[in-house]
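Below you'll find the structure, written out as structure tokens, and then a few comments.
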Amino acid sequence: MIKFSKVEKTYASPAGPVPALKGIDLEIAKGEIFGIIGLSGAGKSTLVRCINMLERPTGGKVIVDGQDMTALSDSELRAARKDIGMIFQHFNLLSSATVYENIAFPLKLSGKSDREIKEKVEPLLKLVGLETKAGQYPSQLSGGQKQRVGIARALASEPKVLLCDEATSALDPQTTKAILELIRDINKKLQLTVVVITHEMQVIKDICDKVAVIDKGVIAEQGTVLEVFTNP
Ligand code: ADP
Ligand code: ADP
């Protein structure tokens, strides 16, 4: 579903070039939950942003669902991005919009009618367990509930891939567990390919099938969670 070939990303900065990814090769199969773990600054966020071209690689290729993302024009990219949902550490919700409106937002942007939107949003509210919160504002929600809104919004355009960038790092351990279970359920129910970025080993152990360890822009190790985290 996702394939990286020799992906490079070097940022320009006033202090000179910053090489963030140095030749990443990676393959993520359809339906898999794939974890990427590494220390702060290792390149995790850059790597995940190269999947939906929030960052454009400076070298190599990124193929998602058969499409070379690095070769798409801006308008083709807008279409391809509908296949890729993303959730964030700080949820990135619109604070002046209700739960319903936040989830509806990407659908509204793509020109869907109010009726079509309602037909999509109501089942999503149910899926993430927020049926009774549709009219509330983000400030009235707990962290876990905010991330549920983030998940529902990410799923609104029926993506094939869900990117999770430190999605539980702002949550307490119990809420983290519940959100990871929800992600696992959705992965199973919707046959969704999930990429999880984290600096926490426990997150990987709890839900990932496979894992890559990234260090200073290089994949240091990859394999099943058992292979990578079992001491020899
Ligand atoms: P992680 O997500 O693992 O913390 P990042 O992908 O955010 O790592 O960062 C990798 C490296 O790239 C770091 O050295 C970081 O300082 C650098 N970097 C990230 N974004 C930028 C940017 N926009 N401009 C310059 N350097 C950046
Ligand atoms: P209708 O009158 O066509 O039945 P409404 O707009 O009255 O539809 O909304 C009915 C349901 O739709 C509500 O229970 C809620 O789930 C959802 N809904 C629609 N718009 C909103 C909104 N802005 N905020 C919260 N919920 C909404």
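The values are calculated or read from the model by the stated rules, or taken from the named source; none is laboratory data. If you're wondering where the values come from, they're calculated on a predicted model, not measured in any experiment. As a convention, Cβ positions derive from the backbone with ideal geometry for all residues, glycine included, and neighbour counts pool all protein chains shown.
Descriptive notes on the structure:
- Test: residue in region 11-33 that is in contact (Cβ under 8 Å) with a residue 40 or more places away in the chain, out of contact with any Phe, Trp or Tyr (no Cβ under 8 Å at 6 or more places or on another chain) and among the hydroxyl-bearing types (Ser, Thr, Tyr): no
- Total residues in region 4-31, condition assigned to a loop (DSSP other than H, G, I, E, B) and either within 16 Å of ligand 2 (Cβ to nearest atom) or within 13 Å of GLU55 (Cα to Cα) (or both): 1
- Unique match (being hydroxyl-bearing (Ser, Thr, Tyr), away from ligand 2 (no atom under 16 Å from the Cβ) and under 13 Å from the mean Cα position of the chain (by Cα)) among THR168, THR176: THR168
- Of all residues in region 148-181, those satisfying the criterion of being assigned to a helix (DSSP H, G or I) and surrounded by fewer than 19 Cβ atoms within 10 Å (Cβ to Cβ) are PRO173, GLN174, THR175, LYS177, ALA178, GLU181.
- Any hit, region 32-48, residues being surrounded by 13 or more Cβ atoms within 10 Å (Cβ to Cβ), assigned to a loop (DSSP other than H, G, I, E, B) and either basic (Lys, Arg) or more than 12 Å from ligand 1 (Cβ to nearest atom) (or both): yes
- Residue count for region 83-131 under the criterion of being within 16 Å of ligand 1 (Cβ to nearest atom), surrounded by fewer than 20 Cβ atoms within 10 Å (Cβ to Cβ) and either at pLDDT below 95 or assigned to a strand (DSSP E or B) (or both): the result is 1.
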